[in-house]
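The values are calculated or read from the model by the stated rules, or taken from the named source; none is laboratory data. Just so you know, these numbers come straight off a predicted model, no measurement behind them. Here the Cβ positions follow ideal geometry from the backbone for every residue, glycine too, while neighbour counts run over all protein chains shown.
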Amino acid sequence: MDSELKDTITELGIGLINATEDWLEGLYVVGSIAQGDFHPKSSDIDLIGVIDCSVDPWMKKRIKSLLSVWANNYKGIELCLVKPSEFKVPKRVPTYEFGISIGGSWRTEEHGPGEDSELLIHFEIARQHGIDLFNSLQLVPEGVFSPIPKEWILEELRKGIEWHLTKLGDHYHDPFGRNSTLNACRALRFKQTGDLVSKSQGGEWYLQAFPENDLVKIALDNRQNGRTNSPDLEQLRDFIEKIISQLN
């Protein structure tokens, strides 16, 4: 992690502690930063906050105001506040107290309280790779997040790929096909190896077996180098459907 990004997420952590008046019990960086796959032009900042209380409108307003200051400097910031009971004893569909997505080119969205099964993937990334902002940017201490059953993770990855089929090439959700392509690769790797890796690692792993796959090459180049090369969407749809069949 470069020093500028490290300083940013450290200041974000301090700001969120102040915004919640010390009610925040933990704050973890997950997603691409935690997995060593952060690219400023294509990656957002994913955070999980631990708070053992309800989030009132006043607190939501303060959090939104804080994040809006930083969001324009990055593709986006996603924060989800959950109670510790949701990851200490895994549930098939975890609940959350408040979620917000905000960014320079994003539509700001606020949610919660509610439930979201996709949180299981974030919990598992936090367990394996997460960065604890309350502990000087060290790795999450072992035992904070309980292991998530592999079949739950695989089901969520498969659901995500099926959702991608409805958004192929969409500028907002799947710009130039990079998210659908690379998420499909990481899902297949998880199916075959049990490793929950980043988008880039999933694509690189796939190319080791199929080095001539242009769709994956394009997606990796777009993600890692900020390119805007468009794949053939019909070929991409065939590729995604093939991966889904291998995940079943």
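Quick one: is Arg127 in the same structural domain as Ile63 (by TED's automatic domain parsing), at pLDDT below 95 and farther than 17 Å from Leu47 by Cβ?
No, not satisfied.
Return the pairs, sorted by first residue and then second, in which the second residue is among the β-branched types (Val, Ile, Thr) and surrounded by 15 or more Cβ atoms within 10 Å (Cβ to Cβ), the first residue lies in region 152-166 and is on the phi < 0 side of the Ramachandran plot, the beta carbons are less than 6 Å apart, and the residues are 6+ apart or on different chains.
Glu156/Ile121; Ile161/Ile244; Leu165/Ile240
Restricting the search to region 66-113, which residues are out of contact with any Gly (no Cβ under 8 Å at 6 or more places or on another chain), of a type in the set (Gly, Ala, Ser) and under 23 Å from Pro40 (Cβ atoms)?
Across region 66-113, the qualifying residue is only Ser68.
Being modelled with pLDDT of 95 or more, outside any strand (DSSP E or B) and closer than 21 Å to Ile33 by Cα is the requirement here; does Asn183 meet it?
yes
Can you find a residue in region 225-234 that is over 26 Å from Asp44 (Cα atoms) and not assigned by TED's automatic domain parsing to the domain that holds Glu124?
Yes, region 225-234 contains a residue that is over 26 Å from Asp44 (Cα atoms) and not assigned by TED's automatic domain parsing to the domain that holds Glu124.
A quick yes/no check of all residues on (1) surrounded by 14 or more Cβ atoms within 10 Å (Cβ to Cβ); (2) closer than 18 Å to Ser198 by Cα:
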| residue | (1), (2) |
| --- | --- |
| Val89 | no, no |
| Val93 | no, no |
| Gly99 | yes, no |
| Gly103 | yes, no |
| Glu110 | no, no |
| Gly114 | no, no |
| Leu119 | yes, yes |
| Glu124 | yes, yes |
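Kindly establish whether Glu118 is closer than 17 Å to Tyr28 by Cβ and in contact (Cβ under 8 Å) with a residue 12 or more places away in the chain.
The answer is yes for Glu118.
Which pairs do you get when a residue that is touching a residue at least 40 places away in the same chain (Cβ under 8 Å), found in region 178-190, comes within reach of a residue that is assigned to a helix (DSSP H, G or I) and hydroxyl-bearing (Ser, Thr, Tyr), reach meaning Cβ atoms under 8 angstrom, with the pair 6+ apart or on two chains?
Leu182/Ser200; Cys185/Tyr206; Leu188/Tyr206
Considering region 210-229 alone, what residues qualify as being closer than 14 Å to Leu182 by Cα and either surrounded by 14 or more Cβ atoms within 10 Å (Cβ to Cβ) or in contact (Cβ under 8 Å) with a residue 60 or more places away in the chain (or both)?
Result: Asn213, Leu215, Val216, Lys217, Ile218, Ala219, Leu220, Asp221, Asn222, Arg223, Gln224.
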